[in-house]
1. What number of residues within segment B:7-23 satisfy the criterion of being within 11 Å of B:Phe58 (Cβ to Cβ) and among the charged types (D, E, K, R)?
2. For segment B:58-68, indicate whether the set of residues that are of a type in the set (A, V, I, L, M, F, W, C) and either in contact (Cβ under 8 Å) with a residue 60 or more places away in the chain or more than 30 Å from A:Asn37 (Cα to Cα) (or both) is non-empty.
3. Counting only residues that are of a type in the set (Gly, Ala, Ser) and farther than 21 Å from B:Ser57 by Cβ, which one in segment A:64-91 is nearest to the other protein chains (Cβ to nearest Cβ)?
4. Going through segment B:1-27 one residue at a time, which ones are surrounded by fewer than 16 Cβ atoms within 10 Å (Cβ to Cβ) and either over 30 Å from A:Ile11 (Cα atoms) or away from chain A (no Cβ under 13 Å) (or both)?
5. Select from segment A:119-135 the residues that are within 14 Å of A:Gly59 (Cα to Cα) and in contact (Cβ under 8 Å) with a residue 60 or more places away in the chain and list them in ascending order.
6. Being within 14 Å of another protein chain (Cβ to nearest Cβ), free of Cβ contacts under 8 Å to residues at least 40 places away in the same chain and surrounded by fewer than 17 Cβ atoms within 10 Å (Cβ to Cβ): is that true of A:Asp94 here?
7. When the residues of segment A:14-24 are filtered to those that are in contact with a Leu (Cβ under 9 Å, 6 or more places away or on another chain) and surrounded by fewer than 22 Cβ atoms within 10 Å (Cβ to Cβ), which remaining residue is farthest from the other protein chains (Cβ to nearest Cβ)?
8. Looking only at strands (runs of 3 or more DSSP E) that fall completely inside segment B:28-114, which ones have 2 or more residues that are away from chain A (no Cβ under 12 Å) and hydrophobic (A, V, I, L, M, F, W, C)?
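The values are calculated or read from the model by the stated rules, or taken from the named source; none is laboratory data. This structure is a prediction, so every number in the text was calculated from the model and none was measured. We place every Cβ from the backbone using ideal geometry, glycine too, and count neighbours over all the protein chains shown.
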Amino acid sequence: MISLNKETIKISSEKDVVLFRQRLREYATKIGMSVLNQTKLITAASELVRNILVYAGSGETTIEVVSERLQTGIKVIFKDNGPGIADVNKAMQDGYSSGRSLGLGLPGAKRLVNFFEIKSTVGHGTTVTIIRWKK
Amino acid sequence: MDRIPILKMGPFLLVTIQVDMYDRLALNLENDLIIMVQKNGSKGVLIDISAVSIVDSFMGRIIGNIATMSRIMDAETIVVGMQPAVAITLVELGLPLSGVHTALNVEKGMALLQKKLADDLTEDSESEAEMDDNDQSE
């Protein structure tokens with residue numbers, strides 16, 4: 001996979017979330033992603049960036065334009081040093097929530113993107129990587 | 001503090017969301033709307049989201065909350081103008097917004113609210129008429 005363009009945005013407040021979503025939209029528009037795929041990507045990203053704020057308090061996101069074979073897309077990495085997730089499989093189930101949310105965030109975000117990977121260590125933090133291809 | 005304006009139009013409240021929503025803003029709107037419904041005795045709430053490009057699970061939940069809360073307060077909520085991409089994304093996310101009335105645009109939403117209000121009035125007058133009949137038979 002070739003990385004073409006990359007930007008890191010720190011997340012510590014809701015204002016950062018608004019900025020992050022705007023930047024993500026700019027990147028997606030620049031590579032010519034359809035409105036539907038943009039909406040799916042940004043909605044998934046919105047869920048994941050909220051998790052950073054709610055569970056870890058702060059963290060950072062990296063937006064990257066990537067290319068593999070004939071495909072171009074956007075990869076986003078969400079990284080925090082929060083409490084981590086004890087049971088990742090459980091967290092990926094619809095309707096499961098340790099907080100007061102609907103429990104749709106992680107499984108919902110996974111359904112909206114082409115690639116989804118979550119790595120979490122209790123006490124060290126969580127890193128989620130997603131990719132949405134242009135087509 | 002950031003707020004989304006709520007307009008009073010006769011028995012209804014009208015909200016047009018023109019900005020990128022974030023959680024605090026959505027929570028304020030939920031709170032403000034319920035207070036306005038109570039203060040004005042509103043019978044309907046119309047929320048125009050035609051300019052909203054992202055509705056995630058949190059904002060979807062707020063929309064559902066507003067509908068449920070207003071129903072408890074005797075007001076109907078209608079969400080209008082949802083972009084097709086937002087509708088597709090919401091369903092894939094797993095949030096079909098069941099229990100929320102929707103209409104394609106503000107005009108149709110208003111017509112729906114007015115129809116519901118008219119139905120309520122006829123139901124009220126019918127039940128009153130029935131009570132009158134009961135009085136006579138006694």
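1. 1
2. Taking every residue of segment B:58-68 in turn, none turns out to be of a type in the set (A, V, I, L, M, F, W, C) and either in contact (Cβ under 8 Å) with a residue 60 or more places away in the chain or more than 30 Å from A:Asn37 (Cα to Cα) (or both).
3. A:Gly73
4. B:Arg3, B:Pro5, B:Leu7, B:Lys8, B:Met9, B:Gly10, B:Pro11, B:Gln18
5. A:Gly125, A:Thr126, A:Val128, listed by residue number.
6. Yes: the conditions hold for A:Asp94.
7. Among those residues, the one meeting the criterion is A:Asp16.
8. B:44-48, B:76-80
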